[in-house]
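Written out below as structure tokens is the structure these notes cover.
The values are calculated or read from the model by the stated rules, or taken from the named source; none is laboratory data. Every value quoted in this text rests on a predicted model; they were computed, and no experiment measured them. Cβ placement follows ideal geometry from the backbone for every residue including glycine, while neighbour counts extend to all protein chains displayed.
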Amino acid sequence: MQQEEKRVSAAEVVTAKWETLPSLYVNSAQFVITNWDLRLLFGEIVPDADGGLKTEPRASIVMSPQHMKAFLEILNARFAEYEKANGTVTWERALPQKS
């Protein structure tokens, strides 16, 4: 008996488990780059016990350079759509200073 190969679209794969994915808030991002992949490290800057700030790790995402390039292209296009609908997002480049 021959097995049939069932093809599943990317949309089906993503939506099948969508409800079980954790939702995270992050306000810190770092990048680690190697010859083989790129890692996005996400965290949340929170107060520490000494009255300063610390970054608590929340997630690490690793992609190939090709995947990252495609991801950035789509992200830039979607963000441009967001700004067109909601106005330009502005931000200051200053980083929090450690005491």
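Take the residues in segment 72-99 that are among the aromatic types (F, W, Y) and at pLDDT 95 or above, then tell me which one is nearest to I61 (Cα to Cα).
Just the residues of segment 72-99 that are among the aromatic types (F, W, Y), to begin with: 79, 82, 91.
Adding the requirement that they be at pLDDT 95 or above leaves 79, 82.
Details: F79: 20, Y82: 23 Å.
Checking each candidate, the answer is F79.
List every residue pair whose Cβ atoms lie under 8 Å apart, where the two residues are 6 or more positions apart in sequence or sit on different chains, the first residue falls within segment 66-78 and is closer than 19 Å to R39 by Cβ, and the second residue, located anywhere, is of a type in the set (A, V, I, L, M, F, W, C).
M68/L38; F71/M63
Is it the case, given these coordinates, that E73 is over 23 Å from Y25 (Cβ atoms), of a type outside the set (K, R) and loosely packed, with under 12 Cβ neighbours inside 10 Å?
Yes, satisfied.
May I ask you to list the residues in segment 26-60 that are assigned to a loop (DSSP other than H, G, I, E, B) and in contact (Cβ under 8 Å) with a residue 24 or more places away in the chain?
Answer for segment 26-60, where residues must be assigned to a loop (DSSP other than H, G, I, E, B) and in contact (Cβ under 8 Å) with a residue 24 or more places away in the chain: V26, W36, D37, G51, G52.
Starting from residues that are surrounded by 12 or more Cβ atoms within 10 Å (Cβ to Cβ) and farther than 20 Å from D37 by Cα, keep the ones in segment 48-65 and report whichever is farthest from the chain's Cα centre (by Cα).
The qualifying residue farthest from the chain's Cα centre (by Cα) is L53.
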